[in-house]
1. Restrict the search to region 221-328; then list the trypsin sites (Lys or Arg not before Pro) that DSSP places in a loop and that have at most 14 other Cβ atoms within 10 Å of their Cβ.
2. Give me the distance in nm between label points sitting 7 Å out from Cα along the Cα-to-Cβ direction at S161 and A387, one decimal.
3. Note down the nm distance, to one decimal, between modelled labels 7 Å out along Cα→Cβ at I480 and at D319.
4. Once you place label points 7 Å from the Cα toward the Cβ at Q368 and F106, how far apart are they in nm?
5. Assuming R0 = 30 Å, what is the FRET efficiency of D405 and I191, from their Cβ-Cβ distance, to the nearest 0.05?
6. Straight-line reach from K443: which aspartates and glutamates have a Cα under 17 Å away, not including same-chain ones fewer than 8 places off?
7. By how many nm would the segment from S375 to T281 lengthen if fully extended, with 0.36 nm per residue of separation less the alpha-carbon distance?
8. Report D for region 183-307 in µm² per second (integer): Stokes-Einstein, Kirkwood Rh on Cα pairs, 37 °C, 0.692 mPa s.
Amino acid sequence: RPVPDRIRPPRLPGNRVVRRRQQATTIISVSNVQTRREVPSVRANAQKFGAGFVLLVAIGSLLLMLPYATESGDTTPWTDTFFTSMSAASVTGLVTLETQEHWSFFGEVVILCLIQIGGLGFMVGASLVLASLRRGRSLRDTMMLQDGSPTLTLSEASDLSKRILRFTIVTESIGAVLLTIRFMADEEPHIAIWYGIFHSISAFCNAGFDLLGGFRSLAEYNSSIWVNLVIMALIQAGSLSFMFFSDIRKERKWNRLALDTKLILVSNLTLIVVGATLFLTIEWNNGLASTPDWAKPMSALFQSVSARTAGFATVSFGDLHESTLFLWTGVMMVGGASGSTAGGVKLATAAIVVIAVSSTIRGQPEAQAFGRRISPSLVFRAMAIIALFLGMFFVISFALAASEDVISNNDFSFIQLATETMSAMATVGISTGITPNLSDLGKIILSFAMLFGRLGPLTAVYALQRRSRPARYRHPEATIRLG
């Protein structure tokens, strides 16, 4: 029966039913189906980050091979350009060619761009990954992390990136102005400005590249209070991460700070004080012999700050005692804070292992610090990262010793090769002076060490986090004899 008009629903645009008889064998195909875009995941972003870093090194190496990049106009061998590009992009600071004497202004600009892109890019990328991992506390975040999906929204990631960029530009600009003022006393204005910009970016990014010549780093200013304090402040600003300073600015009270921030603050201060004290004691009449007595404490403090992350030096590391080099190998391995421009296993990672050992000695069933309990899974991850780093250090040190001692017959001591290896893996840049004399195979081995040191620890953190699964059952305990 037809429906009266008064109760028939109004016809809306598009609200129309089309009836058409179809044959039984007719196939209806829908064309131009829009495929859904895959949601970007942490895994995909990590792969892009690694690929982008390798591409950056390749482009930098090609640019440095151009005749315009050298003072003489000659082409630089590819092993040296690749090594320099890797060292700059990974903000290490090891060099086979003297930066100021070999490279032209164009080459210096290329190196500075590699330092800035490598340092800032890693700080932003690492901060985004670590922020995503830190968000994985709820069930939803945990499932998303295990699936490789992001826990940060696009707006949150964009806001964090902008704040890091603003923090970097402001800090580097202040450092460039302060250093330029000091360099004005020794150089012409345009050179002083370039030196101020270059060394400010190099210090903040913890790169260790300098333009003062002679492979002497900042030894020319070993007694300059102005240069020492500005460089140390820039190094600390870059090595402690934006997230560290953001938490301090936001909370402002000790009891409200995150445990991560407390661990970084305490461990950083402890390493600086202990390192400076030991360096001053051991090298007073050796490495610091040419430094005025009043400036020796400041110089020791500078080496302690720089050796863990940046690679600048105001003394010759080739003249130091082997005991100091051995001590500095451990200092370099620790590095700076997570999400910073620094390398190494990171401060919080080392602090967690120390806390776990201390808690075990005191008979506590779990690791505890500042009234907070550290989960066993976090302790295991920290131990795994350090174990992987030390294992790779053993392999690379053996390979470098074999290439230089067995294949190339270079007369290098093992402590020199071990220091060089750790300096490359921790992306520090300190050298005893043997880097320019390494064989081509040795340069390639150290380049791989720098690549591993830049991407290895962060990759391990992400991989261990993704593999974390709640246990469905527990095996019976077994007794094992220790000691």
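1. Those that pass, being in a loop and sparsely packed, are R252, K253.
2. If labels sit at S161 and A387, their model points lie 3.6 nm apart.
3. Taking the two extended label points, one gets 4.9 nm.
4. 6.5 nm
5. The calculated FRET efficiency here is 0.10.
6. D80, E98, E404, D405, D411, E420
7. Fully extending the segment from S375 to T281 adds 30.0 nm.
8. 203 µm²/s
Any read-out appearing in this document is the output of simple, stated calculations on the displayed coordinates, not a laboratory observation. A quick note: this is a predicted structure, and the numbers were derived from the prediction, not measured. We place every Cβ from the backbone using ideal geometry, glycine too, and count neighbours over all the protein chains shown.
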